[in-house]
Amino acid sequence: MAEPSLTPALTASSSMGIVAATAHHLGWDIAGACLLGPIAENATVLLPCHRVVLRISAAPHHARAVRELRLARWLQAQGVPVIRPVGIEQPLQPVWRGEPWTVSVWEEIPTPRPARAGVIGEVLRRLHQLETPLSVDLPALDPLEGIDGYLGEALLEPREILFLRRRLDFLRDAYTHLDFVRAPGPVHGDAHRKNIVQDTDGVPVLLDLERFSIGAREWDLVVAAVYRRVGWYTEAEYREFVDAYGWDVRDWSGFETLAAARELRMTAWLCARTGREPRLLPEARRRIASLQSRSAHKEWTPGT
């Protein structure tokens, strides 16, 4: 279930200010601190002096951060390669400019790189063999959760927002009629190649546990299939993923609906950033146009 957040939006400046407040509390050095990846609901900052990564989110997400820390420890105990929390009492609750925030602290991954398709398939196969944990209260999977909020932040024309909202309503209804064939259980919820990485030695590491939930395993698998559709995987890479996992989600009758839901989510997330990053508008509109026409060739720009 989504948690409310009325705190100011994160920016590069506020993120570094929160890091400074956190480091001061811990007695840590922030020399060389740098942001990792784009800022959205969360920000991640590397502290190279201590080889740790701080994950910052709004104060109302404290319970979610607690869950992520417990989940990481449970996954580690189950033999799933996962990012490791630092052994301090956390999550932390620093105050910056009168506003409280939530910060969790994780071990740095040496020179991470996006995992190969086959590695992702193997990690998901191992994850999907797990039963529902008793020690972590995981929410039910909702693939379309948060999209309304993304669209509310988007710098788009009203007609574009209207189209996306109508598509969201259609997919919400269609999702309730899907007949899943995999047994439900723990899913990552956002299993793309930036959330499953490999370190210097090629060891896989599962990142970004905020969307971990209980539900249809097909949702984790549709990511790679959508990557193939939008040109981010070659056919050989997708086949590597399928061979490692052991099943092709495209053979399932509900694939088109779930793929459309994933594509909408990827588009809406990018649209939410257009207010802060207007440079993304051409790519956002390219994706919207591809959703408006079934015959349109999907060739999205990766890495945005």
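Find how many whole Å separate the alpha carbon centroid of the range 251-293 from the alpha carbon centroid of the range 63-81. Using only Cα atoms, the two centres lie 30 Å from each other. Across the range 1-106, how large is the tail of the calculated P(r) beyond 17 Å, expressed as a percent of all Cα pairs? Distances greater than 17 Å cover 51 percent of the Cα pairs.
The magnitude of the dipole of the chain, with charges of +1 and -1 set on the Cβ of Lys/Arg and Asp/Glu and taken from the Cα centre, is near 520 debye.
By the Kirkwood approach, averaging reciprocal distances over each pair of separate Cα atoms, the chain gets a hydrodynamic radius of 20.2 Å. Every helix of 4 or more DSSP H residues in the chain counts as -39500 (n - 2.57), and over all residues that averages to -12500 deg cm²/dmol at 222 nm. Within the accessible area of the range 152-304, the carbon and sulfur atoms contribute 51%, probe 1.4 Å, all protein chains present.
In the chain, excluding the sites themselves, the longest stretch lacking any of the trypsin sites (Lys or Arg not before Pro) that are in a DSSP loop with at most 11 other Cβ atoms within 10 Å is 98-293. GNM remark for the chain: springs join alpha carbons under 10 Å apart, and the peak mean-square fluctuation among His61, His192, His50 falls on His50.
The residues of the range 46-165 have, on average, 48 Å² of accessible surface per residue, using a 1.4 Å probe with all protein chains present.
One way to sum up the overall shape of the range 138-236 is the equivalent ellipsoid from its Cα gyration tensor, whose semi-axes run 26, 19, 15 Å, largest first. Accessible surface for the range 199-273, divided over its residues, is 31 Å² per residue with a 1.4 Å probe. Shape analysis of the range 201-285 places it in the prolate category; the axes a ≥ b ≥ c from the Cα gyration tensor give an a/c of at least 1.5, with a/b above b/c. Local charge for Leu281 was computed over the other residues whose Cβ lies under 15 Å away, with Lys and Arg +1 and Asp and Glu -1, and equals +2. Could you tell me which of Leu141, Gly231, Leu36 has its Cα farthest along the dipole of the chain towards the positive end, charges placed at Cβ (Lys, Arg +1; Asp, Glu -1), taken about the Cα centre? So the residue we want is Gly231. Across the options Leu155, Gly246, Thr102, the greatest Cα extent toward the positive end of the charge dipole of the chain (unit charges at beta carbon of Lys, Arg, Asp, Glu) belongs to Leu155. For the range 1-140, the share of accessible area belonging to carbon and sulfur comes to 55 percent (1.4 Å probe, ligands and nucleic acids excluded).
Along the positive direction of the dipole of the chain (beta-carbon charges: Lys, Arg +1; Asp, Glu -1; about the Cα centre), which of Ala12, Thr304, Pro48 reaches farthest? Final value for the positive-end residue is Thr304. Summing Cβ point charges (Lys, Arg +1; Asp, Glu -1) relative to the Cα centre of the range 36-170 gives a dipole of roughly 400 debye.
Over all other residues within a Cβ to Cβ distance under 11 Å of Tyr233, the charged ones net out to +2, with Lys and Arg as +1 and Asp and Glu as -1. Overall, the range 120-235 carries a charge dipole of about 380 debye about its Cα centre when +1 sits on the Cβ of Lys and Arg and -1 on the Cβ of Asp and Glu, all other atoms neutral.
Diffusion of the range 155-202 by Stokes-Einstein, at 25 °C in a medium of 0.890 mPa s and with Rh set to the Kirkwood radius over alpha-carbon pairs, works out to 167 µm²/s.
The values are calculated or read from the model by the stated rules, or taken from the named source; none is laboratory data. These numbers come from a predicted model, not from an experiment. Cβ atoms come from the backbone with ideal geometry, glycine included; neighbour counts cover every protein chain shown. Accessible surface is based on the protein model in full, side chains and every heavy atom, while ligands, DNA and RNA are left aside. Shrake-Rupley method; radii C 1.70, N 1.55, O 1.52, S 1.80 Å.
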